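Notes to accompany the following structure.
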Amino acid sequence: MTPLFLGLAGPQLSESERSFFASLDPAGYILFKRNIEDPAQLRALTDALRSLSGRADVPILIDQEGGRVARMQPPLWPAFPKAELFDRLYDVAPITAIEAARHNAQAIAVMLGTAGINVDCLPLLDVRQPGAHDIIGDRALGAEPLRVAAMGRAVIEGLRAGGAVAVVKHVPGHGRAMADSHVELPLVDATPDALETDLAPFIALNDAPMAMTAHVVYPAWDGEACASLSTRVIGDIIRGRIGFDGLLMSDDLGMHALSGCFGVRAAGVLAAGCDIALHCSGDMTEMEAIAGAVGAIGEQAKTRLERAMATVAEAKAGPSVEALIAERDALLAYLPV
């Protein structure tokens, strides 16, 4: 097995992808809108990925947050609200907001399960900051660490109850960034004391099964490398100060915050301390370059992966997506008009 989560080019596995993935044995896969046509096609694709890997619990990831980040969309699948809605409800009824977030996440997980998807890149634990770039914006659970942690915990629990593994992101915090890391490399020039606000939700939820790094530079900790490429940020802050010992993946290697060839990017995030390098585009040339730059997955990373996937191994049948959405909507009805 190689320490890679890889994307696919289209809605079916091509023969070249099938051959490449069979020889490479990536740790898992990630799906995007380009890979999704309808429920039958999507289930056939995830079944094919499981069969190819030979692992019933092979991680198949998706970004199904709700709001503007949703790969599975209406009319074939339900629409889910943006995180900001739960933040607004928290203002008037904190416990109700937490329960609504839990029901919402469980509904997402049950929906994903019918499609054969078992990992959702959710929740965001980024603490929203005034004046920051809106790449986080309404995707955030709030601007106050306590409520972000409380609702983040509910999301993790809801996903687990519905049969999906959660990925907290973007550790150690993207909420202050003044730029979109998909487009350029953000620099967060805040003091260590100020950054404690950003760390707080990640510290509170340091037992999460998986986490995704931020392609953001924090000069207070490392003025040269972004978190995904920094041994200091990963070792001292993520593994040390935060105390996270779950599976740590990089954000997408294809984002413009990173530079250099793809092999260098992949080797760099793994050398810095990420367990898994994430590559999303499905571009075969890029994936071949990455494959040539990485070796087999390390024993510690493999143990973390197995431990993360085992958190939903015993998930039991529960309420339907429709029932969970109805419960969520009854709670959201407490929102002021």
(message) Give me 189, 138 sorted ascending by neighbouring Cβ count inside 10 Å, so fewest comes first.
(response) 189, 138
(request) Give the percent of DSSP beta bridges with both residues in the chain that are antiparallel, rounded to the nearest 5. (result) 10
(request) Give the Cα extents of segment 294-337 along the principal axes, in whole Å, largest first. (result) 55, 27, 14
(request) Check every DSSP H run in the chain and write down those whose alpha carbon atoms cover 20 angstrom or more along the long axis and whose mean Kyte-Doolittle hydropathy is 1.6 or greater. (result) none
(message) Quick check for me: using +1 on Lys/Arg Cβ and -1 on Asp/Glu Cβ, what's the dipole size of segment 136-186 about its Cα centre, in debye to the nearest 20?
(response) 200
(request) Compute the length gained on full extension between residue 264 and residue 288: take 0.36 nm times their separation in residues and subtract their Cα-Cα distance, giving the result in nm to one decimal. (result) 7.4 nm
(message) Largest first, please: the extent of the C-alpha atoms of segment 39-138 along each principal axis, to the nearest Å.
(response) 47, 28, 25
(request) Quote the charge dipole size of segment 2-332 about the Cα centre in Debye, to the nearest 20; the model charges only the Cβ of Lys and Arg (+1) and of Asp and Glu (-1). (result) 480
(request) Return a whole-number percent for the relative contact order of segment 2-332, with Cα pairs under 8 Å and 6 or more residues apart as the contact set. (result) 19
(request) Could you calculate the contour length gain from residue 25 to residue 300, that is, 0.36 nm times the residue separation minus the distance between their Cα atoms, to one decimal place in nm? (result) 97.2 nm
(message) Would any residue of segment 318-337 have its amide N under 17 Å from a label point 7 Å out along Cα→Cβ of residue 144? List them or say none.
(response) 335-336
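Per residue Cα convex hull volume for segment 212-329, in cubic angstrom?
Roughly 169 Å³ of hull volume per residue.
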(message) Under 10 °C and 1.306 mPa s, how fast does segment 2-332 diffuse according to Stokes-Einstein, given a Kirkwood radius computed over C-alpha pairs? Answer in µm²/s, whole number.
(response) 81
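Values quoted throughout were computed directly from the atomic coordinates according to the rules given, and no laboratory measurement underlies them. This is a predicted model, so every value here is computed, not measured. Cβ sites come from the backbone with ideal geometry, for glycine too, and all protein chains shown count toward neighbours.
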